[in-house]
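Just so it is clear, none of the values below were taken in a lab; they were calculated from the coordinates. Because the structure is a prediction, the values reported are computed rather than measured. A quick note on method: Cβ atoms are made from the backbone with ideal geometry, for glycine too, and the neighbour counts reach across all protein chains shown.
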Amino acid sequence: MIDCEHLPCSTSKREIDPSLSSIFKRRFIVTESNVKSIQHTYTLHGHEGCVNSIKWNDSGTLLASGSDDQHLIIWHQNGQLLRRLQTLHSNNIFSVLFVPHAHDHLLLSAAGDSLILLHELDQMSSNDLCHIQKWECKGRVKKMAICKEEPRIFWAVSEDGVLKQCDLRDNKTTDFDFSEEYGSLKSLAINESSSEMLAIGLSSALVPIYDKRNMKEPIMKLLPAHLSVNEEGHFLSTNLEFNKSGNELLVNIGSDNIYIFDVKKNNHASPDIFSTIKSFMSDEKNFPFENTTLEGLSSIKNTNNFTEQFFNQTNKFADEKEFSQAIDNCSEILNFYLLKNGLSKQIFTLSSTNKIISDRISSHILNNSNLIIQCLLTRGRCFMERSWKGDLIDAIKDYLSVLRINPKCKMAHQNLIKNLYALNQFNLAKECLSFYQKLHPEDTSAEHIIGKISEEEDESLNWTSNVFRNYTDRFTGHLNINTDIKEASWFGGDDQYIVAGSDCGSIFIGKDKLKKLLKF
C-alpha cells in the first residue's frame, strides 16, 4: 500500500510536469511488495537453441533475443512473437542491441563466428538473410555496448583480446589490442551518465575502467580483495552494468559472486575496508576507555523474548553448521534493532571520517551492546567457517564493527588479524597485531595468533588499495558456472534492486545494500 502523505506531488502536477511523473514512477512502480509478488506471466516459444542475449528497446515495448540457432526474434511486451529472423551468422549469437534513436528499426547482432551484423528490420522478411553492414573480428564476439549520447558509435569485445570501436556512419573501425595485457575479453559496459567511462570484463576477476578519450592506461582497476589478478580462467567477468546515476558498477563474476563497485572519480569513492582499518587504528579516540568492561560474550539483556528466542535459534543454526541461515538471522536482528529506532546502518558500513557514529547511534548501541556485539561475533564466525569466496571480507567488516563499539574485544581483534593474514594482507596484519599488543600487553602469546610473518610473505601481497578498488557490496546465492555470458542487471527506478539468472534455472532478485537474494 502506498503512503499518500509521502507522494512527491499531486496527480494533477504529475500530469503537467513529466519530470515529477518520472520521480513518482521511480519511487513507487517497483516496491518491495511488488517485487515479492512477481509471478511467471509468459513463456516465449520461438528459439530452437540456447538463448544467450535479450535486450529491450528504450520504450520497453519490444524485446530482441539472440540464440544458438543463429536467429533473431522480436517480441511484443505482451509475449507475442512479432518476427523471427534468420541471419547470416554461422555460430551462436551472443549479443544483441537496439541502436538508439533509430525508431527501433536498427538491430545489431554479434556471434561466435567473429561477425557483427547490422540489420534494418523494416527491410527484412522472415526468410531474409540480408544485413546492411558487417564487421569482422578474429575471435568470438561476446558483448557489444552503445551509448545514447553517441548512437552511431558502438563498441564490441572479442576473445582475441581486441576492443573494437565501430562507426555506423562510415563503417570505419578502431581496434585496441589488449591480448598481451589481459588475454581474452568477455564483456563491457559504457556509463550513460559519464559516457567517457568504459569498463571491460576479462577472463579474470579484474575489471579495468578506461576513459575512451585515452585508452592507454585505465583510470581505475576494480578487483575483489579476496581474489588474485593472476587467476586467469578461474574467474570471468561475465557481465558489467553501470547504474543510472553512473556512480556504481554491477559485476557478475563467474564461479564467484555478484559485486557492486563504487566508481566515483577523483578519489571520492567510498574507502575500502583495509584503509578503514588503518584509519581506525590511527585514531587515538579508539584506544580503550577506562570503564571498558564489555568483551562481547556477555548475556543478552534488555531484549524482548522474541529476540532472545530468535538469537538462540541462530546459535543453534551455527552449531549445526547451517551457516547461511545463521548469517541471515544475525542480519535480521541487527537491521531490526537499528531500523526500528529510525537509526542508520552507519555503524556497520565504511566511513571516510574518524567520527564513525553519531551520539544517537552510540547511545542506542551502548544500551544494546551485548546483543549487537554477540550478533556481529556470531555472524563473523559463521562467515569464517562457511568460507565462501568473499566471506573473509565480510567477517573482517563485522569484527571491525565490534571493535568500534568495544576496542578491547579480544575475539574480534584476533579474528580480524587471522582473516587479514588469510587474505595475504601481511603488512596490515602486522600493524593490527601491534595494535592488539598495545591494547593487551598482558597477552604474551599474541604473536602466535598468526605466527611469524617472513619478509618473503610481505612481497607476495596480491591486493593493495594503491592499485585496486574493492567492492562495496556483494550478493550470494545464485550459481554462475556453466556459461561465460550470464548477466546481472539493475532493477527499479532508482536501481534499488538487482536481478540475475542462475544455473539452477531460477531468477534471483536482490535488494541493493542488503546483500540478500530472493529466489523466484
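Could you give the length gained by full extension between Gln123 and Ile219, i.e. 0.36 nm per residue of separation minus their alpha carbon distance, to one decimal place?
30.3 nm
If you average the sequence gap of Cα pairs under 8 Å that are 6 or more apart and divide by the length of segment 371-482, what percent do you get for the contact order? Could you put the intermediate results ahead of the total?
Working: 83 pairs, mean separation 20.4, N = 112.
Averaging sequence separation for qualifying contacts and normalising by length gives 18 percent for segment 371-482.
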(message) Cβ neighbours within 10 Å, averaged per peptide: list 375-386, 423-434 in order, most packed at the top.
(response) 375-386, 423-434
(request) Go through Lys321/Lys410; Lys186/Lys221; Lys172/Lys265; Lys216/Lys244; Lys143/Lys172; Lys389/Lys418 and tell me which ones have a Cα-Cα distance over 21 Å in this structure. (result) Lys321/Lys410; Lys172/Lys265; Lys216/Lys244
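Before anything else, pin down the relative contact order of segment 77-183: Cα pairs under 8 Å, at least 6 apart, normalised by residue count, whole percent.
Numbers: 223 pairs, mean separation 20.5, N = 107.
Reported relative contact order: 19 percent.
Of the listed peptides 76-86, 488-498, what is their order by residue-averaged count of other C-beta atoms within 10 Å, with the highest listed first?
With the highest mean Cβ count within 10 Å placed first, the list reads 488-498, 76-86.
When N counts the residues of segment 146-242, how does its alpha-carbon radius of gyration compare numerically with 2.2 N^0.38 Å, as a ratio? Kindly include the intermediate steps, with their values, before the conclusion.
On the way: Rg = 13.3 Å, N = 97, 2.2 N^0.38 = 12.5 Å.
Normalised Cα radius of gyration, segment 146-242: 1.06.
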